[in-house]
2 protein chains.
Amino acid sequence: MSAEQAAALFRSGMTVGMSGFTKAGDCKALPHVLARRAHDDGLRLTLVTGASLGNDSDGMMADSGLIARRMPFQADARLRRDINAGRVMFMDQHLSETVEQLRCGSLPPIDVAIVEAAAIREDGSIVPTTSVGNTASFVRQARQIIVELNLAMPLALEGLHDIYIPAGRPGREPIPLTSASQRIGASAISVDPARIAAIVITDSADSPSANLPPDDETRAIARHVVDFFSAEVAAGRLSPSLLPLQAGIGTIANAVLHGLLESSFSGMTMYSEVLQDSSFELLDSGQFTFASASSITLSAGMNRRFLDNVERYAQRLVLRPQEISNHPEIVRRLGIIAINTALEFDIYGNVNSTHVGGTHMMNGIGGSGDFARNAHLSIFVTKSVAKGGAISSVVPMATHVDHTEHDVDIVATEWGLADLRGLAPRERAALIIERCVHPDYRDMLRSYHARACAAGGHTPHLLAEAFDWHQRHASTGSMLEPLAEPA
Amino acid sequence: MSAEQAAALFRSGMTVGMSGFTKAGDCKALPHVLARRAHDDGLRLTLVTGASLGNDSDGMMADSGLIARRMPFQADARLRRDINAGRVMFMDQHLSETVEQLRCGSLPPIDVAIVEAAAIREDGSIVPTTSVGNTASFVRQARQIIVELNLAMPLALEGLHDIYIPAGRPGREPIPLTSASQRIGASAISVDPARIAAIVITDSADSPSANLPPDDETRAIARHVVDFFSAEVAAGRLSPSLLPLQAGIGTIANAVLHGLLESSFSGMTMYSEVLQDSSFELLDSGQFTFASASSITLSAGMNRRFLDNVERYAQRLVLRPQEISNHPEIVRRLGIIAINTALEFDIYGNVNSTHVGGTHMMNGIGGSGDFARNAHLSIFVTKSVAKGGAISSVVPMATHVDHTEHDVDIVATEWGLADLRGLAPRERAALIIERCVHPDYRDMLRSYHARACAAGGHTPHLLAEAFDWHQRHASTGSMLEPLAEPA
């Protein structure tokens, strides 16, 4: 069926589940024809995905007015604009939880699933492409399914996926996964062919990742984290193969993994939601023996290398549903080392991953909470300043909290790393200020913390000035005090 | 050995693990002699427990200066005073995580364990009393163990406990628990008798719970929650036996369970960290078929009834390590309905469970995060106002966040219940304000939210006035605006 014909299946008010996770394995054709229907007939949908889409789809659909409601993650400037204006209702969710909530009826059910496939098997089962995301659960729940068969994807992708969906409750059994490399499910998504409403042929690639190359600051952050791992190994708390690694999407977490290339660690595995260029470099170097995730999001060059060598990589890779890649049960059991990026954190180690100025959504919490809460080590990284020093990433009080101090073991910037394990809030603050804060802001934070401690409390704060830095930035363009003379 | 002789085993700087969880099964003798040593010799310890202690022990030990560091929970006015003054370093932890962190070396190891026992078996294994807490893991790790054999506890407690400790990582297997009533471990804590340094005989009871009886407000909260459950059953999202229930320690959560006595639900189970009077009333009424927890904390009268009828209750009760009662793996698998108490929550449903005025510790996060994150339904309850109306429990912005909006499905006060599932922040705010806020504060919150929305954002706020209510309360004694005329 043509994409235009398939678009006729939709009615306003429907909930649509689309494949796609951090730009990988997203539908390529239907977003365009649905946006056209929004322009022409005012079509309005609830759109649920794995995570962010590529190919400018989220922005284009937002511009068309198609998206009434959106979950669980996005990373598009124009969709973000509409979310922050209150025109799109966005549900920012832990990525492991969306299909759990669909399954138990806490969210309205998926009406139509649109999923990209590398192949359709003779029994009708669907072989996903470069992500699994929430696709398998969307297919299971949807009344109608549209398959986008992408001829640009190699058939060798078949066998890369491991599809396991937990049962409903009560009566659910343990998820039997006990190592990153284990397979517990099927290699394709089974489906009753009667529910397949359309098969649409496409022929275009995933969008490349937008990660920036490592720079001096991200290299310094990586060095601090690698040095910390070395110290843990020396202390006997980790083996030289560490524990399975997770790294969030984006430049800084990618750079930290990149830093492992120069380390002596070997026999490492990855159990993450997304594999970026650094994961493939570590597979190529032999330091990673296996990598498990829900999607593969690469630069154009690395993507070519992957697609040309799928057979070779497939022996050491698996893609799982995001419910499994991010599942608290598995994260806790395996003892993941989680490395995620903070937008800002406060002197006590409460992390804001999502809200600029405490109000405006950047992307979403993604899987960071799935991993940070139950990780063996929960590490958050960020550059110490942004906007040329006008914004400190370490602030008196986080304007929005995505990860509480309970869930944050380690914070690191280019200045250093603070190991917060076993410390009370007053001790955490002293260490964070001395180790992680840019020198231009250290005295300001020392002063804030000293005066807050004098006022008392387990987590001392001065509510009257807790957000002064953010307000100063809003009014003057900088968090720095006008009279302060930066070093 | 006498308690005084046993006290000679301790040296300053040691980490001591003590049994005791929400006042149940705590050591009765050693706290006194250790406090005396603090007075006499300046003994200073790191004290790790299951949760709060009874018998005034935390306060007495705090007064003596014994406690240098304390984790993971407390509920004592004098210890709290020292924590908030910065004299005791308190680590406020998810209750499932303390022994995980001890096991992997993220916390210094337990030097001496002090555990209350109902009996010591011929093979040396220890039968706990009214709580398991972290006792089994303390015993496994400690170099020396002091057993307090409490003759006031009935021997019939033997068989009530189910001791299961997950293995280290890597190599951990799934926890095989798939229902609240299942037994997966041993009925006593095995130990090498060579590590038992002392057995001290005691003969006194647990402290009774301090829960207040239901009042008009808590009855109204209970009614809203029960009505919500009824609607979920009617919609087919829950069966009449619901799903396993968890309720936090304290008056309000206890009152909500009490409200189930007047409901038509039956065949219910409990999978919680503590069993309070209401749990036994529901066992007695036959509506609860089974109750699983880590401790039993009752009023004096109910405690008498329990201890006199242990054999009868034991068929429908099990006490587990708090790592298992609160384990995210099990909470997610079973699909717990979690009911916990908020100190305050904001218009977006971010919950402060711990910090008065954003700075001063009340008790601790306890198990609320263990349950709320992975629950089938995460419900937070509170009275809409405190201090005779001078404090609104619903505020523009929470001054401290323990549970982010991602982890909060339902909030309820005596005025009503807000079902936040599937809603974006702006929608959550509108519903919370109309359903849950005391009428005296509704217009103030409507005004705040409307003005914040005009300023924009996914989670609109006005940073310049987000904490005005708290500052007004600090300066005038009330969050109400001086010019406002309350209805």
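The values are calculated or read from the model by the stated rules, or taken from the named source; none is laboratory data. The structure displayed is predicted, hence computed values, not measured ones. So basically every Cβ, Gly included, is an ideal-geometry build from the backbone, and we count neighbours across all protein chains shown.
Quick notes on this structure:
- Residues located in the range B:398-409, provided they are in a helix (DSSP H, G or I) and over 26 Å from B:Pro439 (Cβ atoms): B:His406, B:Asp407
- Residues of the range A:432-451 classified as within 30 Å of B:Ala77 (Cα to Cα) and either in contact (Cβ under 8 Å) with a residue 60 or more places away in the chain or away from chain B (no Cβ under 13 Å) (or both), total: 5
- Boolean, A:Gly105 is within 13 Å of chain B (Cβ to nearest Cβ) and on the phi > 0 side of the Ramachandran plot: yes
Let's see how each residue does on (1) among the polar types (S, T, N, Q); (2) surrounded by fewer than 19 Cβ atoms within 10 Å (Cβ to Cβ); (3) free of Cβ contacts under 8 Å to residues at least 40 places away in the same chain:
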residue	(1), (2), (3)
A:Asn84	yes, no, no
A:Cys104	no, yes, no
A:Ala113	no, no, no
A:Ala117	no, no, yes
A:Arg121	no, yes, no
A:Val132	no, no, no
A:Asn150	yes, no, no
A:Gly159	no, yes, no
A:Ala167	no, yes, yes
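- Of the residues making up the range A:108-129, none is in a loop (DSSP other than H, G, I, E, B), closer than 26 Å to B:Arg237 by Cβ and out of contact with any Ser or Thr (no Cβ under 9 Å at 6 or more places or on another chain).
- Every residue from the range A:1-51 that is of a type in the set (A, V, I, L, M, F, W, C) and under 21 Å from A:Gly364 (Cβ atoms): A:Val16, A:Met18, A:Phe21, A:Ala24, A:Cys27, A:Leu45, A:Leu47, A:Val48, A:Ala51
Yes or no, residue by residue, for (1) without any contact (Cβ under 8 Å) to a residue 24 or more places away in the chain; (2) under 18 Å from A:His161 (Cβ atoms); (3) of a type outside the set (A, V, I, L, M):
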position: A:Ala247; (1), (2), (3): no, no, no
position: A:Val256; (1), (2), (3): no, no, no
position: A:Leu260; (1), (2), (3): no, no, no
position: A:Met268; (1), (2), (3): no, no, no
position: A:Phe288; (1), (2), (3): no, no, yes
position: A:Asn303; (1), (2), (3): no, yes, yes
position: A:Asp308; (1), (2), (3): yes, no, yes
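- Residues in the range B:457-483 that are among the charged types (D, E, K, R) and either facing chain A (nearest Cβ under 9 Å) or in contact (Cβ under 8 Å) with a residue 24 or more places away in the chain (or both): B:Glu465, B:Asp468, B:Glu481.
- Residue within the range B:38-48 that is closer than 28 Å to B:Leu319 by Cα and buried (at least 24 other Cβ atoms within 10 Å of the Cβ) present: yes
- Options B:Ala412, B:Ala454: the member that is aliphatic (A, V, I, L, M), more than 7 Å from every other protein chain (Cβ to nearest Cβ) and in a strand (DSSP E or B): B:Ala412
- Within the range A:187-208, residues that are basic (Lys, Arg) sit with their Cβ atoms under 6 Å from residues that are in a strand (DSSP E or B) and modelled with pLDDT of 95 or more, at 6+ positions apart or across chains, in these pairs: A:Arg195/A:Ile145.
- Restricting the range A:419-445 to residues that are of a type in the set (A, V, I, L, M) and not in a helix (DSSP H, G or I), the residue that is nearest to A:Phe345 (Cα to Cα): A:Val437
- Residue satisfying all of: in the range B:209-225; touching a Leu at 6+ places or on another chain (Cβ under 7 Å) and more than 16 Å from B:Met268 (Cα to Cα); modelled with the lowest pLDDT among these: B:Ser209
- Qualifying residue in the range A:329-338 (condition: surrounded by 24 or more Cβ atoms within 10 Å (Cβ to Cβ), of a type outside the set (D, E, K, R) and closer than 30 Å to A:Trp469 by Cα): yes
- Of the candidates B:Asp26, B:Asp58, the single residue that is touching a helix residue (DSSP H, G or I) at 6+ places or on another chain (Cβ under 7 Å), in contact (Cβ under 8 Å) with a residue 40 or more places away in the chain and among the acidic types (Asp, Glu) is B:Asp26.
- Pair list, Cβ < 8 Å and 6+ apart or interchain, from the range A:328-339 residues that are within 7 Å of chain B (Cβ to nearest Cβ) to residues that are surrounded by 24 or more Cβ atoms within 10 Å (Cβ to Cβ) and assigned to a strand (DSSP E or B): A:Leu334/A:Tyr271
- Each residue in the range A:375-414 was checked for being touching a residue at least 40 places away in the same chain (Cβ under 8 Å) and farther than 23 Å from A:Phe467 by Cα, and 7 pass.
- Pairs, first farther than 16 Å from A:Pro328 by Cβ and more than 9 Å from every other protein chain (Cβ to nearest Cβ) in the range B:357-374, second among the aromatic types (Phe, Trp, Tyr) and buried (at least 24 other Cβ atoms within 10 Å of the Cβ), C-beta under 6 Å, six or more apart: B:Gly364/B:Phe73; B:Gly366/B:Phe73
- Yes/no for A:Pro425 being touching a Ser or Thr at 6+ places or on another chain (Cβ under 6 Å), touching a residue at least 60 places away in the same chain (Cβ under 8 Å) and either more than 22 Å from A:Val256 (Cβ to Cβ) or charged (D, E, K, R) (or both): yes
- Residue tally, condition among the small types (Gly, Ala, Ser) and within 7 Å of another protein chain (Cβ to nearest Cβ), over the range A:84-100: 2
- Boolean, B:Ala412 is of a type in the set (A, V, I, L, M, F, W, C), within 23 Å of A:Asp92 (Cα to Cα) and in contact with a strand residue (DSSP E or B) (Cβ under 6 Å, 6 or more places away or on another chain): yes
- Put simply, of A:Phe228, A:Phe290 the only residue that is under 21 Å from A:Ala372 (Cα atoms) and either of a type in the set (A, V, I, L, M, F, W, C) or modelled with pLDDT of 95 or more (or both) is A:Phe228.
- Selected residue (only one of B:Ser393, B:Ser378 is more than 12 Å from chain A (Cβ to nearest Cβ), at negative phi and modelled with pLDDT of 95 or more): B:Ser393
- Counted residues, the range A:133-180 - those being part of a loop (DSSP other than H, G, I, E, B), away from chain B (no Cβ under 14 Å) and polar (S, T, N, Q): 1
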